[in-house]
1. Over the Cα atoms of segment 194-308, compute the convex hull volume and normalise it per residue, giving Å³.
2. At 7 Å along the Cα-to-beta-carbon direction for both K137 and E170, put a label point, then send me their distance in nm to one decimal.
3. Answer with a single label: of [x] 31, 22, 19; [y] 25, 24, 20; [z] 42, 26, 17, which was calculated as semi-axes √(5λ) of the Cα gyration tensor in Å from the structure in view?
4. What nm value, rounded to one decimal, do you get for the distance between N122 and H210 when each label is placed 7 Å out toward the C-beta?
5. Go through K162/K306; K47/K240; K137/K261; K47/K125; K66/K162 and tell me which ones have a Cα-Cα distance over 29 Å in this structure.
Amino acid sequence: MNRRDFFKRSIYAGVATGAAVTLGKTNPLFAGSFPPAAGAYDLVAVKGGEAAAMFDKAMESLGGMKAFVKKGQTVVVKPNIGWDVRPERAGNTNPLLIRRIIEQCLGAGAKEVYVFDNTCDNWKKCYENSGIEKAVKDVGGKIVPGNSEGNYQEVEIKGGKKLTKAKVHELILGSDVFLNVPVLKSHSSTQLTICMKNHMGIVWDRGYWHRNDLHQCIADFAAFRKPDLNIVDAYRVMMKRGPRGVSVEDVELKKSLIISKDIVAADAAAAKIFGLEPGNIPYIRIAGQAGIGTMDLTKLNINRIKMS
């Protein structure tokens, strides 16, 4: 076995075992008793299983991937791949979840499944050390860099209060299906980074957002291109010192997953898993008040699934 193969196998061993992470407290989203959900679900929350198994279970209750991806369509999967850290640090989306999503998309008949991120650290190192590049290629997806301004096109953000225009990656603009797959974690500027903030990896000048009321810009952009599905990876959750994290000691093993077409609802539910009230996160509150989605989880038909 050469050094490169050993390194990649080590990445997947770390993902599978969950070594050196702390088992999280009770998931607040599942606290108490709830009547069985029925009918069309607004949101599905799963806990207690492995990443791929939780995704499979959630998608079953939403009608399967064929309800979202049709034969011959082009799909873009947008994880968080922003940081040059390995999976056990929980700085990026779980590669095993990304792998399973791509498998389901191709199984539903997708023509192409693309994966990219406008990374913060060196993109080549982020892609490799996150384990996501290997996961994508192993199942027939296509991973592409997001580091060239020439691949971004300027668009108007209608109704934006602080953000009125942005350069958006052409894959997002040209895709038939957009799957937003962030990892839930702490963030020094916004308390949490989840679905809406994950959009910062599909635009070119995210520095503008930081200089011009970050929370408002996040909410403004959320109305531009709503993902067809938001899939929140809360398997490992970086509870402090995010977004890059410092060590595995910052991570709790929560083994949870959230899926919803409503980006505000997905972020609200994820905030609950983290242990925060959604209304205390400004961009979630702003987006909810703007009618971009529903922040009040009591108004939603939620399917809560517990796996052993």
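1. Working: hull volume 13.6 nm³, N = 115.
Convex hull of Cα atoms, per residue: 118 Å³.
2. My value for the distance between the label points is 2.3 nm.
3. The calculated read-out lines up with [y].
4. 2.0
5. Values: K162/K306 41 Å; K47/K240 21 Å; K137/K261 27 Å; K47/K125 31 Å; K66/K162 37 Å.
Beyond 29 Å between Cα atoms: K162/K306; K47/K125; K66/K162.
Bear in mind these aren't lab numbers, they're just calculated from the coordinates by the rules spelled out. All values reported here derive from a predicted model rather than from experimental measurement. Please note: Cβ atoms are built from the backbone with ideal geometry, for glycine as well, and neighbour counts cover all protein chains shown.
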